[in-house]
Amino acid sequence: MDKGFDVSERLLGMTTVRHKIISSNLANSDTPGYKAKDVKFGAFFDEEKLKMEVTDELHFKSGQSANKNDLSVEEGTPNWGDKNNVEMDVEVAKMTENALLNQAAVKLITSKIKMYQAAMKTSAQ
């Protein structure tokens, strides 16, 4: 239908995965030896930004798509005495940032739907 829907849908999926990971970090903030994880959004954005349509075999190909192995990484933050590196303030800030990104994706989808509805009403008249 529209590439904007595909990108927004993937972004919603990524923010959902990131929310679960951040929630897990918060839930394990007192677990000895637990290492905080996060989602690499860079791979997602780079893929979308650099995606090119290849119409000839001599064209440069875009980067490889992100896979599940790229989604979570251990943070390089210092460990506490129990070898746990979860910082509550940092995780709450990440969750807030993630919620804003999720809301932006929802607004993009909603705007696209409204545009299509307006176009259908106009063409029906």
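What is the gain in length, in nm to one decimal, between residue 6 and residue 29 on full extension, counting 0.36 nm per residue of separation less the C-alpha to C-alpha distance?
4.8 nm
What ranking do 38, 89, 30 get, fewest neighbouring Cβ atoms within 10 angstrom at the top?
Least to most surrounded, the residues fall as 89, 30, 38.
Only the coordinates and a few stated rules stand behind these numbers; no lab work does. This is a predicted model, so every value here is computed, not measured. Quick reminder, even Gly has a Cβ in these numbers, built from the backbone with ideal geometry, and neighbours come from all protein chains shown.
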